[in-house]
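Structure first, commentary second.
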Amino acid sequence: PSSFHHALILDRWTWSLSGRYCFPNSKWTFSPQFSRRQDVSFVLTNSKLTGRLGWNLRRRGEALIRIDARPRLSDYRSAHLYGQWKSGVWQFGLSLVQSLHSEIATVALGWRVFSARGLEWVLSWNRGNASIRVPIVVSKGLATATFGQLLYFSVISYLIQDGIAEMWGWIGEHIAPGTAASQTSTRNIVDPAKAKKDAGVQKELMARQARRKMKDEKEKDGLIVKEAIYKVENGDKWDVTIPLQFWVYHSTLTLPGRSKSELLGFYDVAATIKEPSSVSQGSTSATSSSLAWSDVWNDLLGLSSPKGSSHRHSRESTIPTLSVSYDYKGKSYHIQIKDQQELRLPSEQATRIEASDTDR
């Protein structure tokens, strides 16, 4: 019996040691990790760009090098590029990721090339922690995969994504100023009182389910949203603790990378400080315009461009922020994001709040 228990403990139990260092005044973090199986890995990331280096101390041939890049191409579209080499087998991949309107979900189309398996076209759908991925084999060997095939499936993926974007209303919705539709849109935008009242009604409808989920999360020491505030500088401030707890699923929370004012229980807190003319003419273009390549590069590296900084500062002062204080596994955290950023809780980007800080 003693040898059985000894083997059970050594062979079945898993453990790992990890740490995390956040570079000052930067979004970059460095994380080393060591597991029971003597796997060593080092990760450098800023959530948009990630580099990973790993190997096994007992089997030197099991090495891993991987680089992931997730640049934001527009308000509702991003890309995922990656390259990986593991134990002599390499692969590359490219996908376009499109947010879906009024849903916490994304759809992605792209391709990946394996040195051992050839070319695959991949369709995937993600909502929170749920994911569906459908790989379609294009060529079963690397020798039969051509550059023309890569170009063809890249173009097809882009065209399908444009069709999805148009169907969900991200493009092709420019409204001429002065039309009835424009006037209706303007009235909807500049009527924050009604929007606020509607958001309050939605919160009341979500409250019961949110309380039930909070009770369940407390019992398993999971994710508990203590306070969530959606606000804008010199504008409104709105408590969204109930909606965020409502969206918690299996101790995780995911909000899409788009304006949170479109979600249930939210409203446009910046409506009172926006000019109606600029909103009615600029809001539709904001949904359809792509970012300049310099903005994509700066966003990917976590940099800020010196050009037009004063203009961007004035523009960013009207961009709402979402601040969330939450408990997870008995520890308290705080995170703040901009309106168009994706939120995933628990988050490695969150700041740990010590007990002495909360007592003050």
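Could you calculate the contour length gain from HIS250 to VAL134, that is, 0.36 nm times the residue separation minus the distance between their Cα atoms, to one decimal place in nm? All intermediate terms of the calculation are to be shown ahead of the outcome.
Numbers: separation 116, 0.36 × 116 = 41.76 nm, distance 2.43 nm.
Residue separation times 0.36 nm, minus the Cα-Cα distance, leaves 39.3 nm.
With r as the distance between the Cβ atoms of SER26 and LYS331 and R0 = 35 Å, compute the FRET efficiency 1/(1 + (r/R0)^6) and round to 0.05.
Once rounded, the FRET efficiency stands at 0.95.
Please tell me which of these pairs span more than 21 angstrom C-alpha to C-alpha: LYS27/LYS86; LYS226/LYS260; LYS226/LYS329; LYS218/LYS260? Don't jump to the answer; show the numbers that get you there.
Working: LYS27/LYS86 27 Å; LYS226/LYS260 19 Å; LYS226/LYS329 14 Å; LYS218/LYS260 26 Å.
In this structure, LYS27/LYS86; LYS218/LYS260 exceed 21 Å between Cα atoms.
Can you tell me how the stretch 17-121 classifies by the Cα gyration tensor, rounded, prolate or oblate, using a/c under 1.5 as the rounded cut?
On the way: a/c = 2.60, a/b = 1.28, b/c = 2.03.
Oblate shape, in that a/c is at least 1.5 and b/c is the bigger or equal ratio.
Along the charge dipole of the stretch 12-99, pointing to its positive end and built from +1/-1 on Cβ of Lys, Arg, Asp and Glu, which listed residue (SER47, PHE30, LEU94) has its Cα farthest out?
PHE30
If I take R0 = 25 Å and measure r between the Cβ atoms of ASN234 and LEU159 in this structure, what FRET efficiency does the formula 1/(1 + (r/R0)^6) give, to the nearest 0.05?
0.05
Net charge near THR29: determine it from the other residues with C-beta under 9 Å of the C-beta of THR29, scoring Lys and Arg +1 and Asp and Glu -1. It would help to have the intermediate numbers written out before the result.
On the way: positive: ARG20, LYS27; negative: GLU348.
Local net charge: +1.
Each reported figure results from applying straightforward, stated rules to the coordinates on display, with no laboratory input. Since we're looking at a predicted model, the values are computed, not measured. As a convention, Cβ positions derive from the backbone with ideal geometry for all residues, glycine included, and neighbour counts pool all protein chains shown.
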